[in-house]
Amino acid sequence: MSTQLLQTGILNESSLQINWSDYSDSVKTIHHYLEKKGAALTGWLNLPLENNDITLKAIQSVANEIKMCADVLVVVGIGGSFLGAKAIQDALTPYFDLHPNGIEVVYVGHNMSGAYMLQLIESLKNKNVYVNVISKSGTTLEPALAFRVLRKYMENRYGNDVQNRIIVTTDAETGLLKKIADNTGFRQFVIPENIGGRYSVLTPAGLLPLAVAGIDIVRLLDGAKKAALLLKEERLEKNEAYRYAVIRHSLYKRGYQIELLASFEPGLSKLHEWWQQLFGESEGKDKKGLYPSGVIFSTDLHSVGQFIQDGSPILFETILHFKETPTDCIVPYDVRNIDNLNYLSNRSFNEINAISKDGVIAAHAEGGIPVIQLELEKLDAYHLGYLVYFFMKSCAMSAFLLEVNPFDQPGVEAYKSKVLELMHKNIIYREWHA
Ligand code: PA5
């Protein structure tokens with residue numbers, strides 16, 4: 001069971017007792033429903049296979065301008081209009097030298113912390129600034145508030161030049177942000193109407209910030225294209241994304257409540273958050289769904305590791321591993337050997353990390369925790385493009401197996417309107433009593 005790019009394997013497959021044949025018909029039916037665009041908001045399915053040259057050229061050209069003229073790009077957005085870009089940026093940029101091929105890209109509008117907002121503005125003082133505000137609906141409170149502050153700041157600082165320095169990414173037709181962009185003449189990129197927020201990482205919502213951060217977005221799309229082609233396969237035994245969906249579903253049916261996505265590279269923690277939003281928002285409906293959670297090993301083995309090994313048996317693990325990372329460090333030989341570590345000298349950290357991964361998997365499997373393994377050759381733009389597409393396709397299948405709609409988010413809308421209602425009530429109440 002393998003493809004050229006991603007290998008999935010399940011420890012103790014026999015002990016998991018997945019009856020694949022039970023699922024083949026429903027997987028085929030859902031596959032055809034998806035491919036025939038039976039469901040709305042499936043534009044992401046074929047996006048990597050389409051000719052995106054015009055959009056890509058426009059993105060590259062604006063990104064080059066920003067890299068030439070600015071020291072920092074401030075990206076305003078939340079949820080799907082934030083996490084995809086941040087996830088891939090964090091996964092592919094060095095830990096300490098943050099922008100070797102691009103410029104600094106920072107994010108705001110994904111919280112309502114006054115301290116964060118103010119400190120961000122203060123940090124811009126001696127830097128040349130561009131802003132990319134991203135919101136599909138154009139009405140989300142957090143980015144709308146942050147954009148109001150930033151727009152004022154940019155107008156005060158740059159006068160008429162603000163028109164060149166603010167770029168809007170939103171729907172082609174609707175929303176307040178679209179209205180603002182049309183009225184002001186800010187340059188615009190479009191999130192296609194048939195692609196929802198958490199499936200939008202490969203649209204300009206993800207691609208513009210990533211290009212500015214110096215990520216090779218062409219390779220990213222190449223990887224996604226490879227996945228889009230390979231994962232068009234309708235047969236369950238040949239489609240890795242569908243197999244992953246079926247394993248999750250069958251574990252859920254057996255009473256598991258939490259899926260832990262575990263990686264051994266700290267730069268992947270935002271990718272976990274992106275995955276968490278994708279699966280959590282797509283599946284958590286009608287009182288159903290697995291709770292998606294992420295852990296970084298070995299860090300978290302020293303915090304929640306005890307619970308994973310011996311606590312309530314409510315979780316299973318999906319281990320995400322990249323065989324090759326961009327850089328590595330060799331353990332030096334030390335003639336004193338007081339720390340008794342010479343047996344590891346001349347070994348690389350990645351090698352040791354990989355051995356520790358195998359040890360963790362063995363211990364967890366012995367402890368009765370079902371373990372799924374996803375393995376990719378290399379941590380680079382190509383393989384991440386493949387992976388995000390793999391997860392999106394899996395997620396759509398998994399949600400339909402659960403008989404929920406992967407593409408809506410009624411719970412989030414409920415929270416959004418409750419907050420707005422309270423906000424209006426509170427402000428009016430305070431004004432009334434002032
Ligand atoms: O997946 C989704 O649709 C949501 O999580 C949105 O991405 C998030 O709520 C932000 O919405 P918007 O881009 O409309 O501001």
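The values are calculated or read from the model by the stated rules, or taken from the named source; none is laboratory data. Predicted, not measured: the structure shown is a model, and the values here were computed from it. Quick reminder, even Gly has a Cβ in these numbers, built from the backbone with ideal geometry, and neighbours come from all protein chains shown. Keep in mind that these areas ignore ligands, DNA and RNA; they rest on the heavy atoms of the full protein, side chains included. Shrake-Rupley method; radii C 1.70, N 1.55, O 1.52, S 1.80 Å.
Below, the figures for the structure above:
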read-out	value
All positions within region 166-178 that are more than 14 Å from the ligand (Cβ to nearest atom) and either touching a residue at least 60 places away in the same chain (Cβ under 8 Å) or loosely packed, with under 15 Cβ neighbours inside 10 Å (or both)	Ile167
Residue satisfying condition, being part of a helix (DSSP H, G or I), among the charged types (D, E, K, R) and open to solvent by less than 40 Å² (accessible area, probe 1.4 Å), within set Lys393, Lys418, Lys425	Lys393
Unique residue being within 20 Å of Asp300 (Cβ to Cβ) and either away from the ligand (no atom under 16 Å from the Cβ) or assigned by TED's automatic domain parsing to the domain that holds Leu290 (or both) when the list is Val388, Val371, Val335, Val331	Val371
Contacts under 8 angstrom Cβ, first residue in region 77-101 being away from the ligand (no atom under 16 Å from the Cβ), partner of a type in the set (Ser, Thr, Tyr), 6 or more apart	Asp90/Ser269; Pro94/Thr327; His99/Thr93; Pro100/Thr93
Qualifying residue in region 244-252 (condition: open to solvent by 50 Å² or more (accessible area, probe 1.4 Å) and closer than 22 Å to Ile361 by Cα)	yes
Candidate set from region 16-73 (those that are under 27 Å from Ser282 (Cα atoms) and among the basic types (Lys, Arg)); member that is most open to solvent (accessible area, probe 1.4 Å)	Lys36
Positions within region 108-122 being touching a residue at least 24 places away in the same chain (Cβ under 8 Å) and either more than 12 Å from Val74 (Cα to Cα) or not hydrophobic (A, V, I, L, M, F, W, C) (or both), in sequence order	Gly109, His110, Asn111, Met112
Condition met for Lys127 (touching an Asp or Glu at 6+ places or on another chain (Cβ under 8 Å), surrounded by fewer than 16 Cβ atoms within 10 Å (Cβ to Cβ) and closer than 22 Å to Glu104 by Cβ)	yes
Residue satisfying all of: in region 343-389; β-branched (Val, Ile, Thr) and in contact (Cβ under 8 Å) with a residue 24 or more places away in the chain; surrounded by the most Cβ atoms within 10 Å (Cβ to Cβ) among these	Val388
Count of residues meeting criterion [under 23 Å from the mean Cα position of the chain (by Cα), more than 28 Å from Glu377 (Cβ to Cβ) and in contact (Cβ under 8 Å) with a residue 24 or more places away in the chain] in region 273-314	7
Criterion violated by Val388 - all others in (1) over 30 Å from Ser26 (Cα atoms); (2) within 23 Å of the chain's Cα centre (by Cα) satisfied	(1)
Of all residues in region 208-220 being open to solvent by 10 Å² or more (accessible area, probe 1.4 Å) and assigned to a helix (DSSP H, G or I), the one that is farthest from Val76 (Cα to Cα)	Arg219
Residues of region 130-144 classified as at pLDDT below 95, open to solvent by less than 20 Å² (accessible area, probe 1.4 Å) and more than 7 Å from the ligand (Cβ to nearest atom), total	0
Of all residues making up region 396-408, the number that are within 14 Å of the ligand (Cβ to nearest atom) and buried (at least 22 other Cβ atoms within 10 Å of the Cβ)	3
Residue list for region 163-192, filter: part of a helix (DSSP H, G or I) and among the acidic types (Asp, Glu)	Asp182
Region 189-201 - residue that is open to solvent by less than 10 Å² (accessible area, probe 1.4 Å) and under 22 Å from Val62 (Cα atoms) and, of those, farthest from the ligand (Cβ to nearest atom)	Val201
Enumeration of residues in region 284-317 that are closer than 26 Å to Asp90 by Cα, in a loop (DSSP other than H, G, I, E, B) and hydroxyl-bearing (Ser, Thr, Tyr)	Ser298, Ser303
Region 9-25 residues that are farther than 16 Å from Asn239 by Cα and modelled with pLDDT of 90 or more, paired with ones that are open to solvent by 50 Å² or more (accessible area, probe 1.4 Å) and among the aliphatic types (A, V, I, L, M) (beta carbon under 9 Å, 6 or more apart)	none
